[in-house]
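Participant: Take a look at the following structure, please.
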Amino acid sequence: MSDIHPVLRDTTERIAERSAQQRDAYLARIANAARRGPARGRLACANLAHGFAAAGEQKRALRANVKPNIAIVSAYNDMLSAHKPLAEFPDQLKAAVIEAGGIAQFAGGVPAMCDGITQGRDGMQLSLFSRDVIAMSTAIALSHDMFDAVLLLGVCDKIVPGMLIGALGFGHLPAMFVPAGPMTSGLPNGEKAKVRQLYAEGKVDRDALLEAEAQSYHGDGTCTFFGTANSNQLLMEVMGLHLPGSSFVNPGTPLRAALTAEAGRRVTRLTDLGDDYTPLGELVDERAIVNACVALLATGGSSNHTMHLVAIARAAGITLTWNDIAELSAVVPLMARIYPNGSADVNHFHAAGGLGFAVGSLLDAGLLHEDVATVAGRGLRRYTAEPTLAADRVEWRPGTRTSLDTDVLRSTTDPFADEGGLRVLDGNLGAAVVKTSALAPQHLTVTAAARVFDDQADFLAAFAADELDTDLIAVLRYQGPRANGMPELHKLTPALGVLQDRGRRVALVTDGRMSGASGNVPAAIHLTPEAASGGPLAKVRDGDLLTLDAATGALTLHLSDDELAARPETGRRLGDDEWVGTGREIFATMRATVGPADQGASIFPFATQN
């Protein structure tokens, strides 16, 4: 076992000290819920009869209270490629649980929306809030006290964080995520990006764009770029909530099916009726949270997780801050180049050695906590192993100790960069996050005049009218969670990329999101406090000089403090009567109560406790 890096140790200790009161209260709560024996044994007869009325041949076992009952909670739908493979999982899992001596019931479903479909549409304003809806839906599914563990079937952006937050409310239960895997590789990512920019410039038509997109997103499984969906999978594995090596095995393969079945068998043994009781709330501790941050930074993962990890941590009684992430980023090297931070996709990353190689290298460097609980047993070194098929069962063998493609994956001793893929910016406009893993050195710092917009459609219209062909920092405000639900602004990426490719010095500053697919234009996102909460961003005017410095971590509006304080707020702060249609009116209460981005952008009371 390597010595732990001092910054990793100090950051973890500081988080634990800061969180002690809330964490102790959380652990006491789940301990009180973890009485021995199946929870359904404490139900009144009428309650229990309702719980097994439709259980068929498993009714006798449920009634007898001698076998663990595993809940299955799923985000299945057959429209979204990432979730379509989940259709077959419940039957596979039930059979595996029965083989292991348990019972399984489908406890409930959660909604699953796709940011790729809703980009630039009104529906995107529901996206971030869907995470907390999913958390509540997961809690409802588990609320019947019929279960001894839970299998969580979810993949994409807000779905995995939401399911984990909901399951942590039942932290006395063991829990395991069962991944579906990425679709096979389609059109190379560089070609896709090129067609998008050509379309933004009007050089190819919609048919050409649609054909390129269809060749990229072409079958079952997650999109293959390294956005939030695949970052979810990576983080769940490093946190010990997946089986080792299971995140990026393609759907529809024998190994995928074998891993799914093994998840059912394994979770049965994790219950308090099994031989390796591992409650979720104890597994997700300060060390697991720090490990997740390190993995995110080392691979250049989704910037959305600067909010999701904060919210997940708080659901477990742990207070994680952006400063914690920034301190880790300063010592965690960037080990991967996966699109949009390179040309390879997650299938290439997996083939090069993938997460097993990355975990091994980080452990050797003392940059991950090794002595942690996982669903595979104690010790993160287990996650350096590679699953393989033996007959119809999974066996694990030692994974590669060298990268098989150093253009995609490198060790901590020969990284792509000495620091991680995310940085926190601070200045007189507030705090923001910038994804640096895709930025060329010459683009790390931009100083230019502001062009201010209160709607992304206005920015795109100005670009189409050729009004932006100059050095500029685009300021897009009133895009935070309280303003309109914090939609992703990924449709801005091609236009900004065109300007940068023309030699213009460009950047983006926004209180909105840019998604896990943020490109190679510097973007200060998640700016807090947001404009709709009276943040200084509401005072920025066209022509103001701004500096975004990702090298030093500074975001500066070049005005004196007195001048900035004297300025009135301007811009478009719309009332709830404006946010109607596409279901947006239903979410008015969430817009009114949501917390700031740096506290997880959550509506839950525990998320805003300091």
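Here, each number is a calculation from the coordinates, and none is a lab measurement. As the structure is a prediction and not an experimental result, all values here were calculated from the model. Note that we place each Cβ from the backbone using ideal geometry, even for glycine, and neighbour counts take in every protein chain shown.
Participant: Helix 159-168 versus the longest principal axis of the chain: what angle, 0 to 90°, nearest 10, using Cα atoms?
Facilitator: Approximately 50 degrees, to the nearest 10.
Participant: Can I ask one more? Fewest Cβ neighbours within 10 Å first, please rank GLU201, GLU57, GLU530 accordingly.
Facilitator: Starting with the residue having the fewest Cβ neighbours, the order is GLU57, GLU201, GLU530.
Participant: So what's the net charge close to ILE134: Lys and Arg +1, Asp and Glu -1, counting the other residues with Cβ under 13 Å from its Cβ?
Facilitator: Here the count lands on 0.
Participant: Determine which residues of segment 427-449 fall in the zone a paramagnetic label at THR470 would reach in this model, i.e. backbone nitrogen under 14 Å from the point 7 Å along Cα→Cβ.
Facilitator: Residues passing the 14 Å test: 448-449.
Participant: Now a separate question. Grab the Cα-Cα distance for LEU389 and ALA351, subtract it from 0.36 nm times how many residues apart they are, and report the gain in nm with one decimal.
Facilitator: 12.1 nm
Participant: Then there's this: Per DSSP helix of 4 or more residues, -39500 (n - 2.57); summed, then divided by the residues of the chain. What does that give at 222 nm, rounded to the nearest 500?
Facilitator: Counting only the DSSP helices, I get -10500 deg cm²/dmol.
Participant: Can you list the lysines whose alpha carbon sits under 25 Å from that of LYS194, skipping same-chain ones fewer than 8 residues off?
Facilitator: Once the sequence-local lysines are set aside, what remains near LYS194 is LYS203, LYS435, LYS491.
Participant: Using the Cα centre of segment 61-220 as origin and beta-carbon charges of +1 (Lys, Arg) and -1 (Asp, Glu), tell me which of LEU126, ILE72, ALA82 is placed farthest towards the positive end of the dipole.
Facilitator: Farthest towards the positive end: ILE72.
Participant: Another question about this same structure. Which distance in nm do the two modelled labels at LYS203 and ALA592 give, with both placed 7 Å along the Cα-to-Cβ direction?
Facilitator: 5.0
Participant: Related question: Stretched out fully, how many nm does the piece from ALA31 to ALA46 gain, at 0.36 nm a residue minus the Cα gap? Don't skip to the answer; put the middle values down first.
Facilitator: Values: separation 15, 0.36 × 15 = 5.40 nm, distance 2.66 nm.
Full extension from ALA31 to ALA46 adds 2.7 nm.
Participant: Rounded, prolate or oblate: pick one for segment 422-573, where a ≥ b ≥ c are the square roots of the eigenvalues of its C-alpha gyration tensor, a/c under 1.5 means rounded, and failing that, prolate if a/b is larger than b/c, else oblate.
Facilitator: Rounded, because the longest to shortest axis ratio a/c is under 1.5.
Participant: While we're looking at this one, here's another question. Would you list which lysines come within 25 Å of LYS67, measuring only between C-alpha atoms, while excluding same-chain residues fewer than 8 positions from it?
Facilitator: Within the straight-line cut-off, LYS67 pairs with LYS59, LYS94.
Participant: Next question, about the same structure. For a quick check of your reading of the filter: which trypsin sites (Lys or Arg not before Pro) in segment 361-430 sit in a DSSP loop and have no more than 15 other Cβ atoms within 10 Å? Walk me through the numbers before you get to the answer.
Facilitator: On the way: sites: ARG378, ARG381, ARG382, ARG393, ARG401, ARG410, ARG423; in loops: ARG378, ARG401, ARG410.
Qualifying residues, ordered by number: ARG378, ARG401.
Participant: Using Cα positions and a limit of under 14 Å, work out the aspartates and glutamates in reach of LYS158, with same-chain residues fewer than 8 apart set aside.
Facilitator: Qualifying aspartates and glutamates at Cα under 14 Å: ASP115, ASP132, GLU488.
Participant: While we're here: Let a ≥ b ≥ c be the square roots of the eigenvalues of the Cα gyration tensor of segment 256-357; is it rounded (a/c under 1.5), or, if not, prolate (a/b larger than b/c) or oblate? Each step should come with its number before you reach the end.
Facilitator: Values: a/c = 2.64, a/b = 1.22, b/c = 2.16.
Oblate shape, in that a/c is at least 1.5 and b/c is the bigger or equal ratio.
Participant: Output the 0 to 90 degree angle, nearest 10, between the alpha-carbon long axis of helix 127-142 and the longest principal axis computed from the alpha carbons of the chain.
Facilitator: Tilt relative to the chain: about 10 degrees.
Participant: Follow-up question, since we're still on this one. Based on other C-beta atoms within 10 Å, arrange TRP396, TRP322 from fewest to most. Numbers along the way, then the final one.
Facilitator: On the way: TRP396 17, TRP322 23.
Ascending number of Cβ neighbours within 10 Å: TRP396, TRP322.
Participant: Something else now. Excluding ALA82 itself, what net charge comes from residues whose Cβ is under 15 Å from its Cβ, given Lys and Arg +1 and Asp and Glu -1?
Facilitator: -3
Participant: Whole number please: convex hull volume per residue of the Cα set in segment 132-283, in Å³? Provide the component values of the computation, followed by the final result.
Facilitator: Numbers: hull volume 18.8 nm³, N = 152.
Taking only Cα atoms, segment 132-283 has a hull volume of 123 Å³ per residue.
Participant: Put +1 on the Cβ of every Lys and Arg and -1 on every Asp and Glu Cβ in segment 422-573; which of LEU557, LEU468, PRO481 then has its Cα farthest towards the positive end of the dipole?
Facilitator: PRO481
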